[in-house]
Amino acid sequence: MALVIVMLSGVAGGIAALVALIFYNVSLMQALALYLVSSIVPVALVMAGVFLYIQITRAMATHDRHAEVHRAHR
């Protein structure tokens, strides 16, 4: 699903840049900036979500040694 979002954001960024070039008479650099922003931001959000998912699942699977240490010293 994340790969589909990444691919669709790239396509949507390209379409937005072409529409801006053709219909709104922007410069080539502005269209490139529009393409980069509209393509990179969704990818960054997907990567942040994947990173958080990995961190949360790793934290849930890690055994809590701190509780064992407190029980042993009672």
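Which one of A17, A48 is assigned to a helix (DSSP H, G or I), modelled with pLDDT of 90 or more and touching a Phe, Trp or Tyr at 6+ places or on another chain (Cβ under 6 Å)? Just one listed residue meets the conditions, A17.
Might you check whether a residue that is assigned to a helix (DSSP H, G or I), farther than 15 Å from A2 by Cα and modelled with pLDDT under 90 occurs anywhere in the stretch 25-35?
No: zero hits.
The values are calculated or read from the model by the stated rules, or taken from the named source; none is laboratory data. Because the structure is a prediction, the values reported are computed rather than measured. Cβ: placed from backbone, ideal geometry, glycine included. Neighbour counts: every protein chain shown.
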